Amino acid sequence: MGRDRAASETHVKYLFVIALAACGAPPTPPSTPVAAPTSRDAAIDAPALGDDEKLAAIQKATNDLVPAVQGCWAAVAAAERFDVAGAIAAQIDFASPSHVTLVRDTANNATLSACITKVLEAYRWPPPLVGQSIQLPFEFHAPDGQSVVDRQLIPEHVQGKVAVSVLLDENTTGNPAASMLGVTIAAGASTGLRAADRDQIWYVSANEAKVGNATASPGDMIFVPKGSVFDVAAATGELHAVVVLVPGGREGIARAGALPNRESTAKPSGAMVLHAKDAKIWCRDGTKNPDCPSVQIFAEPSTIHASSLSASRLHIRDVPDHTHPHETELVYVESGHGVLTVGGIDLPISDTSVTQVPAGIHHSFRGEMNGFQVYTPAGPEQRFKNVPAPAPKTP
């Protein structure tokens with residue numbers, strides 16, 4: 001599973017066929033992919049070109065377009081599904097403005113097709129190509145999973161005064177073990193009474209939340225066990241929270257802007273606020289250095305009386321290669337950067353990343369970051385309980 005695990009790197013093979021038409025008539029699409037020619041090959045295989053300057057312009061344009069087309073695939077993989085694959089061939093007639101027609105599309109993803117068309121139409125094509133026509137085929141090869149997603153690529157979907165973004169789910173990762181949502185609740189509004197159909201942990205990232213008579217401040221967490229009835233309200237301003245649901249799945253309801261919990265008329269019960277002041281901080285390196293890499297464990301079997309998940313805030317630096325035989329790990333990165341290596345593939349991490357590593361996959365990290373971490377089921381968090389971190393110094 002780790003062999004082709006991707007982040008927002010695109011599994012795309014860029015090909016192009018040069019087909020110049022004096023009157024701009026579209027050439028016949030090739031029946032088989034044609035590899036990008038060298039200048040020497042082009043002079044032999046496409047004598048109609050007859051101009052090294054034009055060939056160089058096409059090659060430059062192709063190189064320039066690679067990052068943008070990668071971005072199209074990454075946006076689809078982040079917001080819709082990671083397993084988009086197939087071929088798209090674009091016929092480009094250079095005029096003012098340029099006209100793009102997709103003459104082949106086996107990827108069958110409207111978002112990807114529209115994005116590529118927009119990129120090709122917006123590109124400032126070099127003057128030597130004016131009045132010409134070329135065809136650019138793109139081949140997309142899906143990985144077998146996705147471990148890192150840039151949440152900047154994920155849209156929010158709004159219903160009423162609640163907005164939901166699906167940060168990670170089975171559609172975008174291939175892993176059904178857990179899903180991660182971003183939830184925004186307008187000031188003074190709430191989720192309304194909801195019945196939890198699975199265990200979930202809320203991490204409050206901005207402004208206070210009210211859960212019954214309890215208040216969750218930024219940095220606190222809320223555990224909502226399966227079968228409970230809850231109502232989370234924005235108490236002091238627009239509430240921002242990260243929600244992990246166990247097990248996960250394909251979060252179609254959330255993609256429509258609704259919380260994936262049915263409405264209820266029962267009395268609230270079962271939800272509990274986990275305060276940062278009550279969560280012990282443990283040094284990961286076994287030292288008592290005030291700046292030690294650390295884990296602050298909020299939710300574990302002893303505190304939530306459930307083994308489905310554990311939840312922590314972490315500060316890490318340079319984690320060696322390891323694996324969790326039975327547990328999936330999810331991280332919402334709040335700050336820092338580095339490289340997460342999953343199954344031998346290096347994936348860049350930034351302060352807008354969300355990550356997931358399935359059970360049994362080797363992974364390591366180079367760099368430094370702070371974030372919200374969940375294991376499902378619980379277990380791996382216990383290895384951090386060696387030396388408690390010293391209490392922060394008071395000014």
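When only residues in the range 375-389 that are out of contact with any His (no Cβ under 9 Å at 6 or more places or on another chain) and open to solvent by less than 50 Å² (accessible area, probe 1.4 Å) count, which is modelled with the lowest pLDDT? Outline the logic, then answer.
Of the range 375-389, the ones out of contact with any His (no Cβ under 9 Å at 6 or more places or on another chain) are 376, 378, 381-389.
With open to solvent by less than 50 Å² (accessible area, probe 1.4 Å) added as a condition, the list becomes 376, 378, 381, 384, 387, 389.
Values: T376: 98, A378: 97, E381: 94, F384: 85, V387: 62, A389: 65.
Restricting to residues being out of contact with any His (no Cβ under 9 Å at 6 or more places or on another chain) and open to solvent by less than 50 Å² (accessible area, probe 1.4 Å), the top hit is V387.
Would you be able to tell me the number of residues in the range 95-140 that are open to solvent by less than 50 Å² (accessible area, probe 1.4 Å), in a loop (DSSP other than H, G, I, E, B) and touching a residue at least 60 places away in the same chain (Cβ under 8 Å)? Full working, then the answer.
To start, the set of residues in the range 95-140 that are open to solvent by less than 50 Å² (accessible area, probe 1.4 Å) comprises 98, 100, 107, 109, 112-113, 115-117, 119-120, 123, 125-126, 128-129, 131-140.
Applying the additional criterion that residues be in a loop (DSSP other than H, G, I, E, B) yields 98, 107, 109, 123, 125-126, 131-132.
Those still in the list that are touching a residue at least 60 places away in the same chain (Cβ under 8 Å) too: 123, 125-126, 131-132.
Of the residues in the range 95-140, 5 are open to solvent by less than 50 Å² (accessible area, probe 1.4 Å), in a loop (DSSP other than H, G, I, E, B) and touching a residue at least 60 places away in the same chain (Cβ under 8 Å).
Kindly provide the set of residues from the range 324-340 that are hydroxyl-bearing (S, T, Y) and surrounded by 18 or more Cβ atoms within 10 Å (Cβ to Cβ), ordered by number. I'd like the intermediate steps shown before the answer.
Taking the range 324-340 and keeping what is hydroxyl-bearing (S, T, Y), we get 328, 332, 335.
T328, Y332, listed by residue number.
Looking at the structure I just gave you, is E263 among the charged types (D, E, K, R) and open to solvent by less than 50 Å² (accessible area, probe 1.4 Å)?
Working: among the charged types (D, E, K, R): yes; open to solvent by less than 50 Å² (accessible area, probe 1.4 Å): no.
No: the conditions fail for E263.
When you go through A42, A25, A56 one by one, which is the residue that is in a loop (DSSP other than H, G, I, E, B) and modelled with pLDDT under 95? Spell out the reasoning first.
Values: A42 fails: in a loop (DSSP other than H, G, I, E, B); A56 fails: in a loop (DSSP other than H, G, I, E, B).
From the options A42, A25, A56, the qualifying one is A25.
Of the residues A206, A234, A186, A216, which single one is touching a residue at least 40 places away in the same chain (Cβ under 8 Å) and open to solvent by 10 Å² or more (accessible area, probe 1.4 Å)?
Working: A206 fails: touching a residue at least 40 places away in the same chain (Cβ under 8 Å); A234 fails: open to solvent by 10 Å² or more (accessible area, probe 1.4 Å); A216 fails: open to solvent by 10 Å² or more (accessible area, probe 1.4 Å).
Result of the check over A206, A234, A186, A216: A186.
State yes or no: is I88 in contact with a strand residue (DSSP E or B) (Cβ under 7 Å, 6 or more places away or on another chain), surrounded by 15 or more Cβ atoms within 10 Å (Cβ to Cβ) and part of a strand (DSSP E or B)?
Values: in contact with a strand residue (DSSP E or B) (Cβ under 7 Å, 6 or more places away or on another chain): yes; surrounded by 15 or more Cβ atoms within 10 Å (Cβ to Cβ): yes; part of a strand (DSSP E or B): yes.
Considered against the rule, which asks whether it is in contact with a strand residue (DSSP E or B) (Cβ under 7 Å, 6 or more places away or on another chain), surrounded by 15 or more Cβ atoms within 10 Å (Cβ to Cβ) and part of a strand (DSSP E or B), I88 comes out as yes.
Can you confirm whether the range 142-156 contains a residue that is assigned to a strand (DSSP E or B), farther than 30 Å from K210 by Cβ, out of contact with any Asp or Glu (no Cβ under 7 Å at 6 or more places or on another chain) and open to solvent by 30 Å² or more (accessible area, probe 1.4 Å)?
yes
Among the candidates G248, G270, which residue alone is under 27 Å from E170 (Cβ atoms) and in contact with a helix residue (DSSP H, G or I) (Cβ under 8 Å, 6 or more places away or on another chain)? Break it down into steps so the answer makes sense when it comes.
Details: G270 fails: in contact with a helix residue (DSSP H, G or I) (Cβ under 8 Å, 6 or more places away or on another chain).
Answer to the selection: G248.
Do any residues in the range 340-356 that are β-branched (V, I, T) and modelled with pLDDT under 95 have Cβ atoms under 6 Å from those of residues that are open to solvent by less than 40 Å² (accessible area, probe 1.4 Å) and outside any loop (DSSP other than H, G, I, E, B), where the two are at least six apart or on different chains, and which pairs are they?
Pairs found: none.
The values are calculated or read from the model by the stated rules, or taken from the named source; none is laboratory data. Keep in mind that what you see is a predicted model, and the values were worked out from it rather than measured. All Cβ positions, glycine included, derive from the backbone under ideal geometry; neighbour counts span all protein chains shown. Areas reflect the complete protein model, heavy atoms only, side chains present, ligands, DNA and RNA absent. Shrake-Rupley method; radii C 1.70, N 1.55, O 1.52, S 1.80 Å.
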